[in-house]
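Just so it is clear, none of the values below were taken in a lab; they were calculated from the coordinates. Remember, it's a predicted structure, so these values are computed and weren't measured experimentally. Positions of Cβ are backbone-derived with ideal geometry, glycine not excepted, and every protein chain shown enters the neighbour counts.
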Amino acid sequence: MKPGIILGISAYYHDSAAALIHEGRVLAAAQEERFTRKKHDPGFPSNAVASCLEQAGIAGRAVDAVVFYDQPWLKFKRICSTHMHFAPAGRGTFAKVMARWFKRRLHFRSDLKAKLGEVDTELGDARLVFGEHHRSHAASAFLASPFEEAAILTLDGVGEWATTTTGVGSGSGFELEREIIFPHSLGLLYSAFTFYLGFKVNSGEYKLMGLAPYGEPKFVQKIFDHLIDVKADGSFRLDMSYFDYCTGLKMTNARFHDLWGRPPRQPAEEITQWHMDLAASIQQATEEVVLRMGKDLRRSTGQDNLCMAGGVALNCVANGRLLREGGFSNVWVQPAAGDAGGALGAALDFDWAQGAAAGRERCAADIMSGAFLGPDYSQAEIENRLRKAEARYAVCRETELLQEVAAALAEGKTVGWFQGRMEFGPRALGNRSILADPRSPRMQRQLNLKIKNRESFRPFAPAVLREQVTDWFELDADSPYMLFVAPVGEKRLAPMTGEEQSLKGLDRLHIPRSEISAVTHVDNSARVQTVHCDTNPLFHGLISQFQKITGCPVLINTSFNVRGEPIVCTPEDAFRCFMGTDLDVLAVGSCMLRKEAQVVPVSHDFKESFALD
């Protein structure tokens, strides 16, 4: 088959998405949740598919093949085999699973074609191909990376059978050489602790990672003694007698709870120092496994570069340690490392297999275009949509907009920043962002409680000019996707009193720890985003203007949403979030909106319209 336009799809688990590829180039990619406003939406990505086609300016008949990101039948076989292995346990859940599969998923091919046909009649006639889950992850890592050669590491909950794979990429292809299979899964182990600590599985893992620095890793050895047996090369096996996810509806069982001496924490229950210590322990254990695996991969392959994908690759603390200690010169993590990125990887893998790479050379940059791959809106369309929403705005020239917004940020105001194409992946990277001054000691609390409507312990990320990163952080590498944690530079740290040093847990939350205290976590680390002029000149220009006013080339960058809401997609989404929160300023395209100028009432029930994550 001659290389053509390829549509990749991931769906029916969580974070459904679509991606459109042509000859190794990403035309568009988007997650379904952004359109339906249902966080982690697992449904068929009809809106995302339609958006990708619109962004590329093509109709369904131009698509040569549609690639689904995994093998549903292998997944079905794994579910059946697992229940047979653990029988008679899980009889109730087995009946429910079988009913769901026989109702819809055993007619998967025809159902997918019907769904595609609903988006575009001729799209339903396209060739339909099925990829493999971890191969899709690996392709999203290596084939999207800037490397000609690299080792590959994928880690997640589970695909069909694999939970972890390693391999090597070279030129236009790659091979996966080793795997760990279900039920032994580092991702599911981490999710088990996510559940046990009262957070939502497949959603709250990043909360556990954010909570960990408030605790002490007192229980790491207990985890290794009872729950996971890790070898020197990072390979591992779980003791399944402590877990219920194979045949039950919960992650953990009574034996797991007895091991820790208490039942799972309920979501509304107080977070104690013990919970923080347990979070710190599973985080450190996870880092140790990833680090062992990375070091062995460096030794066994001899590769100087590493590419990563899969949900566990979103653990930016582990990534930071792997970058510093793993022995690789370069580590590149797919920005949409979870299941959404599987759509992209499936399309890339198929595209390159058909010869899309023939005669092509890798460039110095990756092919992700800064992850700005979603829909955008013309200035005329933005103004029309804002008028319909009864928004009051002023239209500014670019220079004026940057000056006005930077001045507002320097005055301590919070800004909604909506520009260009929407990001693909879980991070807002400067196009659908809430921005603020990182120097303010009160800003972390204000953003968490008054705007984001989320837990007070959650950290915020710094967006820093790439050319200034080494002056503020112990990092000298590109981190455009906010996927590496690094220490704040020692010269930027603030001295602490003896009393402050003796504080424990959440009592440490509001200690000013550095010149940029609002983005400095309690362990003096930060989840760094380096901002590059070539991929986002407008955001780079805004930070540069802020630096001219304040001397600081760093801004708080957090996603433009409230807790439980997907990142905003449209100008209307941005305006509703602006009017439903304590944001002071909104910049949409060239339009500048100030809260005090609005006539639309503030939406006091906006935050309650989304289920808590």
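When you filter the GluC sites (Glu not before Pro) in the stretch 186-285 for DSSP loop state and at most 13 other Cβ atoms inside 10 Å of their Cβ, you are left with Glu269, Glu270. For Leu128, the residues whose amide H sits under 5 Å from its own are Val66, ignoring neighbours fewer than 5 places away on the same chain, with H placed 1.01 Å from N. Computed from backbone phi with θ = phi - 60° and the Karplus coefficients 6.51, -1.76 and 1.60, the 3J(HN,Hα) list for the stretch 4-18 is x, 8, 10, 9, x, 9, 10, 6, 6, 10, 7, 6, 4, 7, 9 Hz; x is used for glycine and proline.
The simple Förster model, with R0 at 30 Å and r as the Cβ-Cβ distance, assigns Asp233 and Ala365 a FRET efficiency of 0.40.
For the listed residue pairs Lys207/Lys452; Lys231/Lys295; Lys413/Lys548; Lys200/Lys250; Lys452/Lys548; Lys548/Lys595, the alpha carbons are over 19 angstrom apart in Lys452/Lys548; Lys548/Lys595. The length gained on full extension between Asn384 and Ile181, counted as 0.36 nm times the residue separation minus their Cα-Cα distance, comes to 67.9 nm.
Given a Förster radius of 41 Å and the C-beta distance between Ala353 and Thr497 as r, what FRET efficiency does 1/(1 + (r/R0)^6) yield to the nearest 0.05? Using R0 = 41 Å, I get an efficiency of 0.10.
Shape class for the stretch 1-91, computed from the alpha carbon gyration tensor (a ≥ b ≥ c): oblate, with a/c not under 1.5 and a/b at or below b/c. With θ taken as phi - 60° and the Karplus curve 6.51 cos²θ - 1.76 cosθ + 1.60 applied, the whole-hertz 3J(HN,Hα) list for the stretch 296-308 is 5, 5, 4, 5, 6, 9, x, 6, 8, 10, 10, 10, 9 Hz, x standing for glycine and proline.
Cα centroid distance between the stretch 265-330 and the stretch 405-459, in Å? A separation of 26 Å, based on Cα centres. Calculation over all alpha carbon pairs of the stretch 379-609 in 5 angstrom steps from 0 returns a P(r) of 1, 7, 15, 19, 20, 16, 11, 6, 3, 1, 0, 0 percent. Maximal additional length on extending the Thr93-Val600 stretch stands at 177.6 nm, based on 0.36 nm per residue less the C-alpha distance. Only helical DSSP H runs with n ≥ 4 go in: add -39500 (n - 2.57) per run for the chain, normalise by residue count and round the 222 nm mean residue ellipticity to 500 deg cm²/dmol. Here the helix-only value at 222 nm equals -10000 deg cm²/dmol.
The share of Cα pairs per 10 Å bin across the stretch 524-613, counted from zero up to the longest distance, runs 13, 38, 34, 14, 0 percent. Measuring between their Cα centroids, the stretch 123-169 and the stretch 28-56 lie 21 Å from each other.
Per-residue Cβ neighbour counts within 10 Å put Ser10, Ser559 in the sequence Ser559, Ser10, beginning with the fewest.
Distance from the Cα centre of the stretch 543-567 to that of the stretch 205-229, in angstrom? Each part reduced to its Cα centre gives a spacing of 31 Å.
Here's how it looks for Arg178: its modeled amide H is under 5 Å from those of Thr166, which are all 5 or more places away or on a different chain. Taking the convex hull of the alpha carbon positions in the chain and averaging its projected area over all directions gives 26.5 nm².
Across the stretch 407-420, rounded Karplus estimates of 3J(HN,Hα) from the backbone phi angles (6.51 cos²θ - 1.76 cosθ + 1.60, θ = phi - 60°) give 5, 5, 4, 5, 7, x, 7, 9, 10, x, 10, 10, 9, x Hz, Gly and Pro being marked x. Put simply, the amide H of Ser525, placed in the peptide plane, has neighbours under 5 Å in Val488, leaving out anything fewer than 5 places away on its chain.
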